[in-house]
Amino acid sequence: METWKGMNKQYDCIVVGGGFGGLSAAIRLAASGYKILIVEQSTRLGGKAGVYVDNDFRSDTGPSVLTMVEEAKELLAFGEFPASSYVKFIQSSPAFRYLFDDGRVLDIHHSIEDTICSIESILGTDARLEFEAFMAYAKQIWDGSAPLFVQASAPHWTDLMMLAIQKWNLIPKMDPFRSMSKGINRFVKNPYLKDVLLRYATYYGSDPRQAPATLNCIAHVEMALGGYGVVGGIETLVNGLTAVATELGVEILLSSTVTSLRQVDGGYNINTTEKTSLYAASVVVNADASHLKESLLSPQNSKYLYIPKPYSMSGWTAIYEVPIDENNPRVGHTVLFPKDYLQEFVDIFDRNTCPTNPTIYICAQHRCHQRPPTSRNTEALFVMVNAPPEKDGSPTSTTVWESLEQQVRQRLEGKGILPSDAILKWTRTPTDLAQQFPGSRGAIYGSSSNNRFAAFTRPSNQIHALKGLFLASGSAHPGGGMPMAMISGKLAAKACVTYLSSLSSIPSLSSTELSR
């Protein structure tokens, strides 16, 4: 992949950040015929979808389950090659294995019918009936809310008022006035099944006691529409999208950090750490919205961007190298629950501390992404524990993370998930995340969705008061996660095309003005 090395060049749009939102916007804008540059602070594109490499040992360091796979396929289709020729999506079954504190084990499959059979076999007929009722409810939420709150532009209060007038019967179907936990309790009594469904709040980094029940649709998205792996890891999807962007003529500037955005003569002057001065008629920011407000915009312009609080969850993550056991292959995704799951949300959101007895998520990369084994016949286990975001100006003590790693290892070894000879290869703490992604405080999903009006307060993809400035990231509408970031990029690109098309001519600056 060639990277751009020039200076003082002008573009129709500069995309700040090359995560999924930035790639999505850049691909769509380039496909519309515009001259695009991606400026990325890292040495590779992908944003939070990073990769750890040590000789022939490789592991993703970020998201590991891809839902709404059609969003990725749609982006890959902008290239001349068919999506299946470069990026292959797979499903291994069981999809998830849930391990409960009392030793009970529940497998969730990619086939909803197989999942129903598994629930009845392990939890009984009543639980199966509860699950079927809940899934019908979750589908109803998705069918009603997705066109309005996911695939469409960020909703405004007036949209809710019009919806209440014109389609008043639709609002109750989206269940916006209950919390996720209360929505679950309407249908589910089985405590094991409750924990499985409560966990979907963490897909938005939120608290099921406070997040709106509308988010219960996530269960439908993953369990009914399907969760996927990518052959070779999520990095393969990043590489595929990067190839499409390059094919369409998108220029890429790596290892360069944007330090400011300044409005000048109908466009934006962008400065970087290398003292490179760039100009574009428009800008799409694929970074944390808080970073844009606090560090990139001038004080005069930052007032136009509202960032709701509190921040979403962060996470402590680790990668272990473990032997592959062909006689007892690992499940692609495993979740180890504590005895009292709700206590985790009390610790994180009420006490702002790491969970005393955290839920542990494990992704077996060899199984779910068909990563080839190393020459030592080993594979990568990616491990994650939810944690609170960093306090402003007060990094968490390293002893907290050292103690957490010891606790996680002991529990995983005790369950036979992690062998005693497992090698700890890499860790990343919320403190590290906060440093790597400025403005985020380590929060993975931007603002939390811990109130019923979260959809109306999340930053829009278009900052209307600042002409030509757009947002495409997990901290903007419609939210966090790979497919949501891709949709965010789609919506930002659509708004940007409309804006650029409205201009009588694309503004430009002389090289003298650019170097000021």
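The values are calculated or read from the model by the stated rules, or taken from the named source; none is laboratory data. Just so it is clear, the structure is predicted and the values come from calculations on it, not from any experiment. Backbone-built Cβ (ideal geometry, glycine too); neighbour counts: all protein chains shown. For the accessible areas, the whole protein counts, side chains as well, though only heavy atoms, and no ligand, DNA or RNA atoms are used. Shrake-Rupley method; radii C 1.70, N 1.55, O 1.52, S 1.80 Å.
Here are the numbers:
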quantity	calculated
Sequence of R128, R186 from largest to smallest accessible area, 1.4 Å probe	R186, R128
Shape of the range 255-306, Cα gyration tensor, a/c cut at 1.5	oblate
Built amide H within the under 5 Å cut-off of H333, gap 5+	R97, A364
Subset of K194/K391; K194/K415; K293/K467; K309/K494 violating a 25 Å alpha-carbon distance limit	K194/K391; K309/K494
Relative pair counts by distance (%), Cα atoms of the range 371-479, 5 Å bins	2, 9, 14, 15, 14, 14, 12, 9, 6, 3, 2, 0
Residue-wise HN-Hα coupling along the range 426-438, computed from phi with Karplus coefficients 6.51, -1.76, 1.60 (Hz; x: Gly, Pro)	6, 9, 9, 9, x, 4, 5, 4, 4, 6, 6, 10, x
CD proxy at 222 nm, helix term only [per DSSP H run n ≥ 4: -39500 (n - 2.57); per residue of the chain; nearest 500]	-9500 deg cm²/dmol
In sequence order, calculated HN-Hα J values of the range 28-44 (Karplus, 6.51, -1.76, 1.60; Hz; x Gly/Pro)	5, 5, 5, 5, 8, x, 9, 8, 10, 10, 9, 10, 10, 6, 8, 8, 8
Dipole magnitude of the chain about its Cα centre (Cβ charges: Lys, Arg +1; Asp, Glu -1), debye to nearest 20	1180 debye
Extension gain, Q91 back to L424 (0.36 nm per residue minus Cα-Cα distance, nm)	117.2 nm
Cα Rg over Rh - the chain, Kirkwood	0.96
The range 105-151: Cα Rg divided by the 2.2 N^0.38 Å rule of thumb	1.37
Pairs of alpha carbons in the range 170-305 whose separation is greater than 26 Å (percent)	54 percent
Difference of contour (0.36 nm per residue) and Cα-Cα distance, D340 to L225	38.5 nm
Rounded to the nearest 10 Å², the accessible area of D54 at probe 1.4 Å	50 Å²
Tensor-based shape of the range 318-409 (alpha-carbon gyration tensor, a/c under 1.5 rounded, otherwise prolate or oblate)	prolate
Cα-based reach from K303 at 12 Å (exclusive), listing aspartates and glutamates while leaving out same-chain residues under 8 positions away	E294
Net charge, V497 excluded, C-beta distance under 12 Å - Lys, Arg +1, Asp, Glu -1	+2
Convex hull volume of the range 1-122 per residue (C-alpha atoms, cubic angstrom)	174 Å³
Beta bridges per DSSP with both ends in the chain, % antiparallel, nearest 5	70 percent
In Hz, Karplus ³J(HN,Hα) per residue of the range 253-265 (6.51, -1.76, 1.60; θ = phi - 60°; x = Gly, Pro)	10, 9, 6, 9, 9, 6, 10, 6, 10, 10, 5, 9, 6
Residue-count net charge about R209 - beta-carbon cut-off 12 Å; Lys, Arg +1, Asp, Glu -1	-1
F78 accessible area, assembled protein chains, probe 1.4 Å, Å²	70 Å²
Candidate aspartates and glutamates for bridging to K173, where Cα separation is under 16 Å - those fewer than 8 sequence places away on the same chain excluded	D143
Relative frequency of Cα-Cα separations exceeding 12 Å in the range 180-220, percent	48 percent
At q = 0.17, 0.22 Å⁻¹, base-10 log of I(q)/I(0) for the range 257-378 (Debye sum, equal scatterers on each alpha carbon)	-0.91, -1.19
Which listed pairs, of K9/K490; K48/K339; K48/K490, have C-alpha distances above 28 Å, in listed order	K48/K339
Rg/Rh for the range 224-273, where both radii come from Cα atoms and Rh is the Kirkwood radius	1.19
Under 5 Å, built H, 5+ apart or other chain: amide partners of T257	T273, E274
Under 12 Å, Cβ to Cβ, from P94 - net charge with Lys/Arg +1 and Asp/Glu -1	+1
Average Cα contact separation per residue, the chain, under 8 Å, 6 or more apart, as relative contact order %	24 percent
Shape of the range 431-480, Cα gyration tensor, a/c cut at 1.5	oblate
